[in-house]
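Scroll down for the structure; my scribbles are underneath it.
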Amino acid sequence: MFHLLDIIGTMAFAMSGALTAMHKKLDPFGVFIIAFVTAVGGGTLRDIMIGRTPVGWMLDVNYVYVIVVGFILAILFRKKFDSLRTSLFFFDTIGLGVFTLIGLEKGINIGLHPAICIALGTLTACFGGVIRDILCTEIPVIFRKEIYATICIFGGIVFFMLRKLNLDADVLYLTTSLFIISIRLMAVKFKWHLSPLSYK
Amino acid sequence: MFHLLDIIGTMAFAMSGALTAMHKKLDPFGVFIIAFVTAVGGGTLRDIMIGRTPVGWMLDVNYVYVIVVGFILAILFRKKFDSLRTSLFFFDTIGLGVFTLIGLEKGINIGLHPAICIALGTLTACFGGVIRDILCTEIPVIFRKEIYATICIFGGIVFFMLRKLNLDADVLYLTTSLFIISIRLMAVKFKWHLSPLSYK
Amino acid sequence: MFHLLDIIGTMAFAMSGALTAMHKKLDPFGVFIIAFVTAVGGGTLRDIMIGRTPVGWMLDVNYVYVIVVGFILAILFRKKFDSLRTSLFFFDTIGLGVFTLIGLEKGINIGLHPAICIALGTLTACFGGVIRDILCTEIPVIFRKEIYATICIFGGIVFFMLRKLNLDADVLYLTTSLFIISIRLMAVKFKWHLSPLSYK
């Protein structure tokens, strides 16, 4: 089941990248590359930093197929995007929950400190979007709007608190993912956000 | 012979980086750094992602010398650049062909799937220029103009098709490089490009 | 003593990142991330390129604590920043000297060519700031103003010249650090800088 969610998250991230790139009037190749890096960028950066190379997507060509499908879907349905916005947002939120947990898990597997594992989870979930925005020369949206990454950090903290209860691994993963997903849904519904600090 | 082409490609990429940076009015140090990352950026990213570290240019100081020469040439001849544009374009195209093949080869050597090898070749050839444009805060030119990276992808597909014919390795490399180089020359001569997708 | 300087440098870099991000009106999470990458970015890139993974800060959670402290200090004192500018500049300069030497040392430890070691030292000291500026979509300040990175390169050359004298390691490190720090102080006091090259 976890693998299925990974596929859904990858596809949703690819679609969100493709849609951003089309907005920026990139050519189809540029759209594909942005879709690709949005989908695999966070995981690639994580793998590079922990020395797990060749990085994940290079060893499993299925990621490429999933991204190609996401790219084609984004192109085909780009004019209907407004009515699709809700579904895309929902998939993206699933991706956020799943990718945070995958990052946490990789960190735990190599024995890193919980705070570092949480950083890895957040990086896995958020840095695809950061690279997407940098390639489109925008200040990354997660630094400006919504509490996107903050939710990953809290999700990570909840994960390590629940972990002390010796829950079954599946229950632990599912609970944390659902926590992240529901907080994100509430955050957007109730427009939670952090204000910039006043500087002068 | 391949090594000589590698040197020509590296120098051409260094010069293209230096010229872009001078246009942006960077100071000479900034110009040097941009020349450096344009020349080695694609290969560095490839090596990092496949875990071939320390990355290539760190183990062979000749790359540094070649880049320094390219940097100095770009500075000396910067005012004559318009008349040099054709030669620089030609060197850059050789670099494109050679770097794509070097990337393909590294992927094959570690047994990656052909689609991933093609991604590695494209990344090796194109991401130096992407990093150059990001450091100069421009949307990377390969996402907007010309079919630069698309040619690398097609070159990679041709490579794997020819490879099934059991050609001699040298013939295979030379044919694919020449294919990439001639398609690029034609693409620019006949102004082939991909149009942005209409979005609304 | 070297470790103490490392902490001071990390904290100064975190504060400089946080202050830049607050100027850009990022939300507090964005400010924290920019503080983080400014502090560890150069060392992370160095470790990735030489294959020293998991990268340094992942193995020592103290870096995270130091950065959190720097982040909080930057927020608390942000309105008094003008009067703090001198102290921050001084810490940042210490960071520059220390980080250059740490980079040089890592390169020497794995037997790289002196020119490559100097590149590693410069990268360690400067690329945190480059990543900071890219995430804020500005052309990196070190390519435009001040002779920041040029000082690291000269510091590296001085290091390898002094090294031939068979000095005690501590003396060698201290002398080079002090050389870098004093040149930077003089560079800013006397407004030394490199001019952009005239292009047309």
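The values are calculated or read from the model by the stated rules, or taken from the named source; none is laboratory data. Fair warning: this is a prediction, and the values are worked out from it, not measured in the lab. Ideal geometry is used to build each Cβ from the backbone, glycine not excepted, and the neighbour counts take in all protein chains shown. Just so you know, the surface numbers come from the protein's heavy atoms only, side chains and all, with ligands and any DNA or RNA stripped out. Shrake-Rupley method; radii C 1.70, N 1.55, O 1.52, S 1.80 Å.
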- [ ] Kindly list the number of the only condition in (1) within 11 Å of chain A (Cβ to nearest Cβ); (2) part of a helix (DSSP H, G or I); (3) over 16 Å from the mean Cα position of the chain (by Cα) that fails for B:Lys80.
- [x] (1)
Open item on the list: Within the stretch A:14-24, does at least one residue satisfy the condition of being in contact with a helix residue (DSSP H, G or I) (Cβ under 8 Å, 6 or more places away or on another chain), hydroxyl-bearing (Ser, Thr, Tyr) and at the interface with another protein chain (Cβ under 10 Å from one of its Cβ atoms)?
Closed with: no
Open item on the list: I'm checking my understanding of the structure. Among residues of the stretch B:47-63 that are part of a helix (DSSP H, G or I) and more than 14 Å from chain A (Cβ to nearest Cβ), which one is surrounded by the most Cβ atoms within 10 Å (Cβ to Cβ)?
Closed with: B:Met58
- [ ] Output the residue which, of all residues in the stretch C:156-178 that are in contact (Cβ under 8 Å) with a residue 40 or more places away in the chain and away from chain B (no Cβ under 14 Å), is most open to solvent (accessible area, probe 1.4 Å).
- [x] C:Leu178
- [ ] Identify all residues within the stretch B:107-121 that are more than 22 Å from B:Ala39 (Cβ to Cβ) and at the interface with chain A (Cβ under 8 Å from one of its Cβ atoms); write none if there are none.
- [x] B:Ile110, B:Leu112, B:His113, B:Ala115, B:Ile116
Task: Qualifying residue in the stretch B:39-50 (condition: modelled with pLDDT of 90 or more and either among the basic types (Lys, Arg) or more than 20 Å from B:Ile131 (Cα to Cα) (or both)) - done: yes
Task: Among (1) more than 30 Å from B:Asp60 (Cβ to Cβ); (2) in contact (Cβ under 8 Å) with a residue 60 or more places away in the chain; (3) open to solvent by less than 10 Å² (accessible area, probe 1.4 Å), the one test that C:Lys24 misses - done: (3)
Task: Residues of the stretch B:184-200 satisfying the condition of being open to solvent by 70 Å² or more (accessible area, probe 1.4 Å), within 14 Å of chain A (Cβ to nearest Cβ) and either of a type in the set (Lys, Arg) or touching a His at 6+ places or on another chain (Cβ under 8 Å) (or both) - done: B:Lys191, B:Lys200
Task: Considering residues of the stretch B:122-138 that are of a type in the set (Ser, Thr, Tyr) and within 17 Å of B:Ile48 (Cβ to Cβ) only, the residue nearest to the other protein chains (Cβ to nearest Cβ) - done: B:Thr122
Task: Boolean, C:Val40 is part of a helix (DSSP H, G or I) and in contact with a Phe, Trp or Tyr (Cβ under 8 Å, 6 or more places away or on another chain) - done: yes
Task: The listed residue being away from chain A (no Cβ under 12 Å) and surrounded by fewer than 20 Cβ atoms within 10 Å (Cβ to Cβ), out of C:Thr100, C:Thr93, C:Thr86, C:Thr38 - done: C:Thr86
Task: Matching option when the condition is acidic (Asp, Glu) and over 15 Å from the mean Cα position of the chain (by Cα), among C:Asp92, C:Asp170, C:Asp133 - done: C:Asp170
Open item on the list: Can you find a residue that is hydrophobic (A, V, I, L, M, F, W, C) and at pLDDT 90 or above anywhere in the stretch B:129-142?
Closed with: no
Open item on the list: Go through (1) open to solvent by 60 Å² or more (accessible area, probe 1.4 Å); (2) aliphatic (A, V, I, L, M); (3) under 20 Å from the mean Cα position of the chain (by Cα) for B:Ile181 and report which single condition fails.
Closed with: (1)
Open item on the list: Yes or no: the stretch C:103-115 includes at least one residue that is surrounded by fewer than 24 Cβ atoms within 10 Å (Cβ to Cβ), modelled with pLDDT under 90 and not acidic (Asp, Glu).
Closed with: no
